[in-house]
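Contents: one structure, followed by commentary.
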Amino acid sequence: MKKAYIFVFGGSSTLLLSIFLLVVAPRLQMGVVQSEGVSVQEPYTEQQAMGRKIYIEYGCIYCHSQQVRDPVAGADESFGWGRPSVPSDYIYDQPHLMGTSRTGPDLSNVGSRQPSEEWHHLHLYDPRLLVEWSIMPRHAFLYQQRTGEKPADKALKVPETEDEWIIPSEEADALVAYLLALKRDAEPPQPAGEKTDE
Amino acid sequence: MDSQVAFLILTFAISVTGMAAFVVALIQKQVLVPPEAALAIFSDGEAGEPEPDRTSQMSKKWRELDRSARFPIMFFLVSSIIWLLLGSFLGLLASFKLHQPTLLDAYDFLSFGKVRTLHLNIIAYGWLSFAGLGLSLWLVPRIAKVPLRAGGVLTVAGVIWNIGVVLGCLGILHGYSDGLEWLEFWWPIDILLAVAGAMVAFPLFKTVLESKEKHLYVTLWYVLAAFIWFPVLFVIANTHFLHVGAQQAIANWWFAHNVLGLWVTPLGLGIIYYLLPKIIGHPVASYQLSLFGFWGLALFYSQVGGHHLIGSPLPTWLINLSIVMSVGMVVPVVTVAINHHVTAYRHFKVLKESVVLRFVVFGAMMYTLSSLQGCLHSSRTFNYVSHFTHWTVSHAHLGLYGFTTMVFFGGIYFAMPRLLGRDWTRPWLVNAHFWIAAIGVLIYTIALGIGGVFQGMALRDPAGSFQASVEVTLPYLIGRSFGGTMMLLSHLILAYNVGSLLWAGRRGRKEAA
């Protein structure tokens with residue numbers, strides 16, 4: 001065990017190097033974007049922030065990314081998902097929800113692409129009512145189902161039915177408010193010297 | 001800004017100086033380990049012959065060392081199997097939901113997003129951590145050649161860790177999630193896991209410090225290193241207020257890839273480095289190379305996390321660094337591969353006799369495959385296709401199931417009879433477990449890998465549509481569910497085997513009384 005120091009020394013210095021390069025250095029570089037507050041983004045309202053929590057709770061991130069790639073990397077722009085993302089798009093995002101999967105489409109700009117509140121409610125209630133080929137799960141448990149007369153002001157009629165209605169819960173309203181707030185399509189500010197991955 | 005640049009240069013200089021000093025020390029001392037050091041895993045007269053299959057033929061020396069660790073290790077291994085059953089059931093449910101989206105969707109706690117999250121966390125912190133820790137701590141007394149110290153602390157740590165995983169899962173069900181992949185457990189629960197982890201380290205270091213061995217076998221290097229690395233990773237990544245905005249993404253993936261690289265992989269490789277030569281009865285082909293591979297892993301693997309963010313708005317230098325390091329992983333992977341495969345190839349006929357060896361050799365092969373796959377898809381050319389697709393999930397399962405889980409299965413089948421002093425009641429079921437799991441995981445990864453490539457090509461086609469990228473994957477998602485069903489079936493066989501081994505002991509004691 002005399003040589004344990006070499007081991008501990010070597011093990012720690014390799015880890016230290018990785019902490020420095022992958023945590024400390026990006027924090028210093030990208031913290032600048034954060035502190036200058038240069039962003040076209042608005043802070044989230046209370047309801048949108050609650051919707052963000054619902055988005056996390058129901059694991060939307062496991063199928064939907066929130067980062068648009070350069071045309072070199074993918075057909076993101078051709079699909080109408082918006083301009084390539086920049087770091088300042090995320091200054092109010094804690095935790096970040098960039099995602100790593102596109103089992104569903106990118107949602108960076110879903111608020112611009114689909115501004116209809118009703119569409120989002122019906123789509124969350126049962127995606128296949130609106131998008132026949134969708135494999136997204138239903139989130140019907142976020143809605144109350146009623147039949148008969150229109151039960152409340154904010155009740156929505158289920159398409160292709162005579163008298164079926166859904167009433168969004170507070171959670172559903174918040175989630176839709178968050179989705180509608182996802183707009184990262186304005187021309188980004190360019191802080192001096194900022195260079196991002198293509 | 002200037003002070004930041006100064007800090008940057010200073011930290012860099014410290015790290016590089018440390019590395020340089022370490023390399024010098026390495027050249028002077030450790031590389032010159034005599035080849036006999038590789039024989040440390042054999043007791044007198046054992047080398048040269050395959051490990052006897054019957055526990056009654058075990059040498060007295062190992063029996064005594066195993067006995068010192070029996071209760072805590074059995075507790076860890078049985079816990080791991082319970083988590084495996086639950087975790088793989090949830091994984092299979094999530095898999096079915098992707099091609100049968102209305103399956104069991106009436107309740108929020110069975111929604112895809114929750115089931116998938118539970119699957120990942122239960123497998124990572126329940127199954128893989130418990131099995132990896134249990135097996136490596138079982139090897140500690142065998143390598144240090146002193147009985148396990150403070151076994152009681154280990155048991156208590158296991159209880160706390162179990163409580164932590166249960167609470168973490170309940171939290172996810174009720175919306176208490178940190179929202180970062182691989183870090184979902186709510187942060188107060190992470191404190192519990194950190195405490196339990198520190199308690200596991202106590203018996204480990206106490207036993208190692210009492211060792212009188214001149215050189216500690218390479219397995220222990222991997223285990224000790226994992227214990228230096230993982231706590232630091234876990235604490236830094238879970239201290240969420242340190243990270244902001246887009247930077248949090250890189251901290252997230254630095255951690256998530258290091259769960260594999262600096263936690264599960266060293267434990268899995270350490271176990272292969274022990275079991276493979278032990279069962280065959282001959283030391284690994286080149287012991288010197290194994291130490292070289294160890295330091296290569298430490299240097300390269302710790303910096304690969306950025307390859308999860310190719311194309312994202314993170315700085316180009318950072319992504320490039322991770323790509324270079326990912327490709328650099330070829331070095332340690334090939335050294336480990338030469339060692340494992342040459343050793344296995346020279347004694348291929350032992351594979352016919354030992355099912356445990358079959359698990360270990362299969363695991364070693366999948367380690368080579370999944371690692372080389374990782375080097376390949378970290379390059380931009382390939383990553384532009386594979387990123388955001390099911391390919392990544394296929395790759396994760398090739399690594400965490402094909403490699404680590406299969407090695408842990410082998411470890412459980414080797415360790416449990418030796419810890420308890422009785423043989424498996426139905427050896428053919430152990431063999432059945434191997435074939436069903438091995439074929440299952442191959443179907444899983446091949447189906448999903450091919451589906452992922454088609455999906456990625458559809459996502460790159462500017463003239464195509466997103467719809468095409470969804471529809472092209474459907475047959476492959478069904479194929480994945482088929483492979484997954486086989487994997488779950490094999491876990492039920494494992495549970496039956498372990499249950500009957502424990503039950504046989506109870507019956508044996510009753511008959512004796």
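The values are calculated or read from the model by the stated rules, or taken from the named source; none is laboratory data. Please read these numbers as outputs of a predicted model, since none were measured by experiment. Cβ placement follows ideal geometry from the backbone for every residue including glycine, while neighbour counts extend to all protein chains displayed. Just so you know, the surface numbers come from the protein's heavy atoms only, side chains and all, with ligands and any DNA or RNA stripped out. Shrake-Rupley method; radii C 1.70, N 1.55, O 1.52, S 1.80 Å.
Figures for the structure shown
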| read-out | value |
| --- | --- |
| Helix-only mean residue ellipticity at 222 nm for chain B, each DSSP H run of n ≥ 4 adding -39500 (n - 2.57), per residue, nearest 500 | -24500 deg cm²/dmol |
| Compactness of the range A:42-181 as Cα Rg over 2.2 N^0.38 Å, two decimals | 1.11 |
| With every protein chain in place, the range A:42-181: carbon and sulfur % of accessible area (1.4 Å) | 48 |
| Within a Gaussian network of chain A (alpha carbon springs, distance under 10 Å), most fluctuating of A:Lys53, A:Lys154, A:Lys183 | A:Lys154 |
| Difference of contour (0.36 nm per residue) and Cα-Cα distance, B:Ser43 to B:His215 | 60.4 nm |
| Carbon and sulfur %, accessible surface of the range B:410-483 computed with the full protein complex present, 1.4 Å | 72 |
| Cross-link table B:Lys214/B:Lys352; B:Lys206/B:Lys510; A:Lys53/A:Lys154; A:Lys150/B:Lys97, entries beyond 31 Å C-alpha to C-alpha | B:Lys214/B:Lys352; B:Lys206/B:Lys510; A:Lys150/B:Lys97 |
| Calculated P(r) of the protein assembly as shown - Cα pairs past 50 Å, % | 15 |
| Full-extension gain in nm, B:Leu502 to B:Ala194, via 0.36 nm per residue minus C-alpha separation | 107.8 nm |
| For the range B:345-394: rounded, prolate or oblate by the Cα gyration tensor [a/c cutoff 1.5] | prolate |
| Peptide B:294-304 - average C-beta neighbours from other chains (10 Å radius) | 4 |
| Surface per residue (accessible, 1.4 Å probe) for the protein assembly as shown, Å² | 38 |
| Chain pair A, B: total accessible area buried, heavy atoms, 1.4 Å probe, Å² | 8000 |
| Under the span-like rule (Cα at least 20 Å along the axis, Kyte-Doolittle mean at least 1.0), DSSP H helices of chain A | A:4-19 |
